[in-house]
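The values are calculated or read from the model by the stated rules, or taken from the named source; none is laboratory data. Quick caveat: nothing in here was measured; it's all calculated off a predicted structure. Note: ideal-geometry Cβ built from the backbone for every residue, glycine included; neighbour counts use all protein chains shown. To get the accessible areas, we keep the full protein, side chains included, count just its heavy atoms, and leave off ligands, DNA and RNA. Shrake-Rupley method; radii C 1.70, N 1.55, O 1.52, S 1.80 Å.
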Amino acid sequence: MSGTSEQVIKPGSTIGVLGGGQLGRMLALAGRALGYRFATLDPTPDSPCGQVADQIVAPYHDAEAARKLAGMSDVITYEFENVDAGVASMLMSESYVPQGSELLYTTQHRLREKRAIEAAGVKVAPYREIRSEDELREAVQAFGTPCVLKTATGGYDGKGQWVIRSEDEIGEAYETLSRAKTELVLEQFIRFEKEISVIAARSPRGEVRAFPAAENIHVDNILHLSIVPARAPAEVLEQAERMAVRIAESLGAIGLLAVEMFLTRDGELFVNELAPRPHNSGHYTMDACRTSQFEQHVRAVCNLPLGPGELLTPVVMANLLGEHVAPLLEWMGDEAGLPEGVAAKVHLYGKHEAKAKRKMGHVNLLTDDVNKAIAWVEQSPIWKS
């Protein structure tokens, strides 16, 4: 079916989701509470989203499978940005994809993404496109070390990048990352005090809202904790939210746009990356905000009025990786050791195999003091595995 900016996709309709992972699962669970039906396309049988939606088992690039999804759906969205942009573009001519393919095309490529952020009037870390080892050597000399070499496409959770700490590493870094057969980009290393993210939502009617900024702590390049309110001055957090809204408006985003930023010691903010979808750092909203990021995404792509996003309680979101599942399940038998004033809300994703470093779920710790919740995570046997 075709859609317009004025079209409202009412409850009772079917939302098709390209991708069947945990983000699609939580999206479907939130949307079902509003009365929507869901279908998903994913190559893994009984995927996390497929457990709560009708699933088409096929590769993401399978055009016929995508057409089948379109035939089942009144509106189509995607749950991760590595969905084939060509398939998304094809679907636009045969179904209603309010997010379109342009933003997907932009955010799948680091150079295009950085240029789009700059066009919105927002700062990114200084960078250069790298087309040869000689260009890399010249750029490293200009930026100094450390600096970060990244592939322009692909890569997540620290993959597809190399922190160059001395000029002796240049040859190996270039040889290793150039195997990806994509453009490379070198970024000046930002000596940041904190990593912050803001998730903004925008609807076809032009309504825009941002969730409170989260302070993010990573371990081995994988998000470990999101802390809200972020421990930074209020004026910095307000600026971060304004920046996310400005980017969402400039890019004409529909649905959610996660904006990851670096905060320097002198209070300067640099945008690091964008993600046009629900985001790991927004999982805290499921229990701590008036509207979750997943409900907000459904509202945005269906052109319903956006919900209020304000924080109801301070919260610390802790990711659960494969190695954390067994101790978590043991702890859940009595949930002992939680300090007074901290409540734990557990979310597991229904993945069949608990592999090390694989995201299997998260815990939202609702608290009267984020430092109390952080201390509990640090001493809990769950995250010592």
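Checked against the criterion of being of a type in the set (Val, Ile, Thr) and surrounded by fewer than 16 Cβ atoms within 10 Å (Cβ to Cβ), the candidates 227, 222 yield just one match: 222. For residue 276, the conditions (1) in contact with a Leu (Cβ under 6 Å, 6 or more places away or on another chain); (2) of a type outside the set (Asp, Glu); (3) open to solvent by 30 Å² or more (accessible area, probe 1.4 Å) all hold with the exception of (3). Residues satisfying the criterion are present in region 13-21 (criterion: more than 23 Å from the chain's Cα centre (by Cα) and open to solvent by 10 Å² or more (accessible area, probe 1.4 Å)).
Taking the criterion of being among the small types (Gly, Ala, Ser) and either open to solvent by 50 Å² or more (accessible area, probe 1.4 Å) or outside any loop (DSSP other than H, G, I, E, B) (or both), the residues of region 294-351 that qualify are 300, 318, 322, 326, 333, 336, 337, 343, 344. Entry remark, region 167-206: residues being in a loop (DSSP other than H, G, I, E, B) and open to solvent by less than 40 Å² (accessible area, probe 1.4 Å) number 5 in total.
Within region 360-385, residues that are within 17 Å of residue 321 (Cα to Cα) sit with their Cβ atoms under 7 Å from residues that are among the polar types (S, T, N, Q), at 6+ positions apart or across chains, in these pairs: 362/319.
Being modelled with pLDDT of 95 or more and either on the phi < 0 side of the Ramachandran plot or under 21 Å from the mean Cα position of the chain (by Cα) (or both): is that true of residue 143 here? Yes: the conditions hold for residue 143.
Could you please let me know if residue 112 is in contact with a Ser or Thr (Cβ under 6 Å, 6 or more places away or on another chain), open to solvent by 50 Å² or more (accessible area, probe 1.4 Å) and under 29 Å from residue 183 (Cα atoms)?
Yes: the conditions hold for residue 112.
Residues of region 157-207 that are in contact with a strand residue (DSSP E or B) (Cβ under 6 Å, 6 or more places away or on another chain), β-branched (Val, Ile, Thr) and closer than 24 Å to residue 137 by Cβ: 163, 164, 182, 185, 190.
Among the conditions (1) touching a strand residue (DSSP E or B) at 6+ places or on another chain (Cβ under 9 Å); (2) closer than 30 Å to residue 284 by Cα; (3) not hydrophobic (A, V, I, L, M, F, W, C), the only one that residue 235 does not satisfy is (1).
Do you know which residues across region 232-281 are closer than 18 Å to residue 78 by Cα and of a type in the set (A, V, I, L, M, F, W, C)? Result: 248, 251, 253, 254, 256, 257, 258, 259, 274, 275. Pairs linking a residue in region 301-315 that is farther than 24 Å from residue 92 by Cα to a residue that is open to solvent by 50 Å² or more (accessible area, probe 1.4 Å) and in a strand (DSSP E or B), with Cβ atoms under 7 Å and 6 or more positions apart or on different chains, are 309/209. Selection of first residues in region 129-154 that are without any contact (Cβ under 8 Å) to a residue 24 or more places away in the chain and farther than 12 Å from residue 187 by Cβ and of second residues that are part of a strand (DSSP E or B) and of a type in the set (Gly, Ala, Ser), restricted to Cβ pairs under 7 Å at least 6 apart or on distinct chains, gives an empty result. Quick check on region 96-107. Is at least one of its residues at pLDDT 95 or above, open to solvent by 60 Å² or more (accessible area, probe 1.4 Å) and assigned to a helix (DSSP H, G or I)? Within region 96-107 (the criterion being at pLDDT 95 or above, open to solvent by 60 Å² or more (accessible area, probe 1.4 Å) and assigned to a helix (DSSP H, G or I)), the answer is no, since none of the residues qualifies.
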